[in-house]
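Below is one structure, written out as structure tokens, with a few remarks after it.
The values are calculated or read from the model by the stated rules, or taken from the named source; none is laboratory data. Given the structure is predicted, the values throughout are model-derived calculations rather than measurements. Using ideal geometry, Cβ is built from the backbone for each residue, glycine included, and neighbour counts are taken over all protein chains shown. These area figures cover heavy atoms from the full protein model, side chains too; ligands, DNA and RNA do not enter into them. Shrake-Rupley method; radii C 1.70, N 1.55, O 1.52, S 1.80 Å.
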Amino acid sequence: MKKILITGGAGFIGSHVVRLFVNKYPNKQIVNLDKLTYAGNLQNLIDVEHQPNYKFIKGDITDATFINGLFEAELFDAVLHLAAESHVDRSITNPLEFVMTNVIGTVNLLNAAKQIWGCNKDKVTPTDKRFYHVSTDEVYGSLGDEGLFTETTSYDPHSPYSASKASSDHFVRAYFDTYNMPCVISNCSNNYGPNHFPEKLIPLCINNIKNNKPLPIYGKGENIRDWLYVEDHASAIDVIFHQAKNGTTYNIGGHNEWTNIAVIRLLCQIMDSKLNRPVGTSEQLITFVKDRAGHDLRYAIDSSKLQTELGWKPSLQFEEGLAKTVDWYLANEEWLASVTSGDYKNYYDNQYVNR
Ligand code: NAD
Ligand code: TYD
């Protein structure tokens, strides 16, 4: 697979995947297609933007005519699909945008790939092509105190975000069953790390601690998330992309469950130490606020299939990964200032035009 389209490569996880693929596979051409929404930022990729095997295209996956033309012109061998609207709180305010990008956008990519690869049920699934759909553990819904999400857990999404991701997963599987589309899906737990947009819990609180602003904890902070360092997600994607059989699904996670309040207390300790503040200073910023509507109680991933079948395992303990993340944010004040002010948009919006 020589030419790989990565969608959403200017976003948080996508930028780590683009960097990994561009550096690790110099003989493959990596094309990054991104609309550059508020979450897309080409500053995330400044270190690889001049590499000869990398190209950026600004474009919208909801535009079927554009997508079909792009696939016909570029003849991609593989699609690694990460472009999405990704924030649950935004999905509660504007569900339709999530349907458009996450569902319609995914179906547009599937149709374009099906067309150029000639997929249909009368032909065997192509083995030299790949449609990799990156999804979330949130499609499985919410756990009680016990149990883990496995690849066979029934879908039970609760937010418009997770409902849109669940729908896109179903379409990908339907294209495998109906047209022999050579697809794989992975469902990953919550990521954290560098380049995370500061509307999500961890980067929001890093930014607020730095600026002595309140840390808004929804409800009582008892909801549990299973956190994975973003580079470990990218390494899992690399393994699955190259080794998984068509039609398979893998869960990705690091067995790393934390209540939100415990995450934020740990973050406060790390930041007090890094900012030379007296112990306990940042914790005083914790503020309990109104709970999120339909707030899932607990996510926890069983990634034993991926670990046993494909030999992947996470590389970092949470304490270490969180300290590394804080170091990155403290060393990249300009990045943080530009994304919180929106300056990066003004610059990059003038650099690229829609094809
Ligand atoms: P993100 O919001 O940081 O980035 C999304 C990217 O998609 C942005 O660069 C944005 O500009 C681009 N995009 C949005 N709409 C587009 C459109 N219509 N056309 C083209 N590009 C568009 O998201 P992320 O956190 O990096 O998540 C990436 C993928 O991983 C998503 O599919 C998400 O569902 C999935 N995922 C995320 C997490 C997590 O913890 N963040 C966990 C598991 C799975
Ligand atoms: P978030 O980072 O939005 O990821 P997701 O909703 O996809 O899990 O939220 C992580 C957890 O933190 C989730 O339980 C909601 C909670 N949360 C807060 O308590 N306060 C906040 O300001 C945010 C953004 C999230």
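Some points to look at:
- Amide H to amide H distances under 5 Å link residue 288 with 217, where only residues 5 or more positions off or on other chains count and H is placed in the peptide plane.
- Around the amide H of residue 188, modelled in the peptide plane, lie the amide H atoms of 135, 136, 137, 252, all under 5 Å away and 5 or more residues distant in sequence or on another chain.
- Calculated mean residue ellipticity at 222 nm for the chain: -12000 deg cm²/dmol, from DSSP H runs with n ≥ 4 weighted as -39500 (n - 2.57), summed, divided by the residue count and rounded to 500.
- Cα gyration tensor shape of the stretch 1-90, rounded if a/c is under 1.5, else prolate or oblate by comparing a/b with b/c: oblate
- Taking every lysine pair in the stretch 196-268 that is 8 or more places apart or spans two chains, those with Cα atoms closer than 27 Å amount to 4.
- Of all accessible heavy-atom area on the chain, the percent that carbon and sulfur account for (1.4 Å): 50 percent
- With θ taken as phi - 60° and the Karplus curve 6.51 cos²θ - 1.76 cosθ + 1.60 applied, the whole-hertz 3J(HN,Hα) list for the stretch 181-192 is 5, x, 10, 9, 10, 10, 10, 10, 7, 4, 9, 8 Hz, x standing for glycine and proline.
- Each of the peptides 175-182, 149-156 was scored by the mean count of other Cβ atoms within 10 Å over its residues; in descending order, highest first, they stand as 175-182, 149-156.
- Calculated from backbone phi, Karplus (6.51, -1.76, 1.60) coupling profile of the stretch 306-315 in Hz, x at Gly/Pro: 5, 5, 6, 6, 10, x, 7, 8, x, 9
- Amide H contacts of residue 9 (H built 1.01 Å from N, under 5 Å, at least 5 apart or other chain): 33
- DSSP beta bridges confined to the chain are antiparallel in about 5 percent of cases.
- Packing here is the average count of other Cβ atoms within 10 Å per residue, and on that basis the peptides 268-281, 242-255, highest first, run 242-255, 268-281.
- Helix 201-210 vs. the chain, principal-axis angle (Cα, 0 to 90°, nearest 10): 40 degrees
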